[in-house]
Structures are given as C-alpha cells and as structure tokens.
Amino acid sequence: MMASFTQQFSSADVNVEQVDTAFNGFFRLDKITFRHALFAGGMSDITTREVFERGDAVVVLAYDADIDTVVLVEQLRIPALRTAANPWQLELVAGIVEPGESKAAVARRELLEESGLVANSLTKLCSYMPSPGGCSERHTLYLANVTISDQQQLFGVAAEQEDIRRHLFSRTEALAMVEQGVIDNAPTIIGLQWLALHHSSL
C-alpha cells in the first residue's frame, strides 16, 4: 500500500540569515545562521549550526546476476579508526561527483577505477542523505549489472593514493556479513538490503 504523507513545511520555511565558511580544505565547513518555522506556530529564535560540505557522491552496487555475486571493495577509512572494529572497510564502489560530471558517468568511472569492471547496464535505484544532521552530502545509488571474468584483486588510482582490494562474495555471504556487523557502513548496508528485497526480479 502506498503511504500518504504531506509535510507541513518546506525549504521556504527556513530563513537563512548568514553563511560563513569556517574551514575550506579538502572538505568545507560552513557556519549557518538561520530561523525556521515551528510546528506549534511562529518562528524559532536565531540558531547557528555547522554544516559539513563535502559534495555529493554515487554508490554502485555491482552485481553479476548470472552467478549471484556481489562486488565489494576494501580500503582504509581513517574516520573509522574511532568506532569501527576494523578501519579497513568492506564497501560498495563509490566516488565523489566532480563539477561537470553526470552521476551516471561517475558511477561508470568509479566502477572501472575501483574494481576493473564495466557496467553492462546501469540503473538508478534511489537517492538519500547519509547524515542530514551534520552533512549536506547526498548519495545516488546505482545498480550495475556486471560480468565477472577475472580474479584480479588490486585497484585504485595511484595519483589519488588509493589502495583498493576487490572482493567477490555470493549474495548470501554479503548479506550474512551485514547481519554479523562485519559490514558496518551505511551505503553498503543500504545497497545490500535493496538487493535482498529485489534479487529475485533481476
């Protein structure tokens, strides 16, 4: 059954008073001063929040339906040092959208760079914000139908200091790693859960 929901407010109900850039390096941190409409009526007091600006990204669920196999890549993620059991994360292929690039083009480029594979077809599945409480980033998730024909493992762009190992897992193995907490990053969990729901139609 289709859910029926109408939101009370929209972007027009937020008044941005000022935007200051607090830091601008590989990523950017903006300090935003604003007021917003309240559910009980009226407007909020002036509020300030820091927003992490890192651009948008694509995530690619690379799947060979003929052999029911998922492609995951492993690489070091320094932010995972604080809370993850292992900072070398098993992930879906992903990459940041550069200015002037279409999201589909990024998906195809990252798939080749990180896994050595070419998409036979590419389908947009959904778009989501991984952490809207502090970051403006939006992910676009694609399904790439691929044909796995080699066992080469190491990939990545040397100029970007990427050190990536490609892994091949059956769909059931990948989903079991989600259940066990071995895979603990949101884009990969979202992609694999989509596959769990829809694999029979692929």
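The values are calculated or read from the model by the stated rules, or taken from the named source; none is laboratory data. Since the structure is predicted, the reported quantities are computational estimates derived from the model, not experimental observations. We place every Cβ from the backbone using ideal geometry, glycine too, and count neighbours over all the protein chains shown.
Within the range 1-23, the residues that satisfy the criterion of being under 19 Å from Leu38 (Cα atoms) and surrounded by 10 or more Cβ atoms within 10 Å (Cβ to Cβ) are Phe9, Asp13, Val14, Asn15, Val16, Glu17. The residue that is nearest to Phe26 (Cα to Cα), counting only those in the range 42-62 that are in contact with a His (Cβ under 8 Å, 6 or more places away or on another chain) and surrounded by 24 or more Cβ atoms within 10 Å (Cβ to Cβ), is Val58.
Being touching a Ser or Thr at 6+ places or on another chain (Cβ under 7 Å), of a type outside the set (A, V, I, L, M) and either in a helix (DSSP H, G or I) or assigned by TED's automatic domain parsing to the domain that holds Ile148 (or both), is that true of even one residue in the range 65-73? Scanning the range 65-73, I find at least one residue that is touching a Ser or Thr at 6+ places or on another chain (Cβ under 7 Å), of a type outside the set (A, V, I, L, M) and either in a helix (DSSP H, G or I) or assigned by TED's automatic domain parsing to the domain that holds Ile148 (or both), so the answer is yes.
Selection of strands (runs of 3 or more DSSP E) fully inside the range 84-202 by the criterion of at least 3 residues being surrounded by 17 or more Cβ atoms within 10 Å (Cβ to Cβ) and not small (Gly, Ala, Ser) returns 88-91, 139-145, 164-170.
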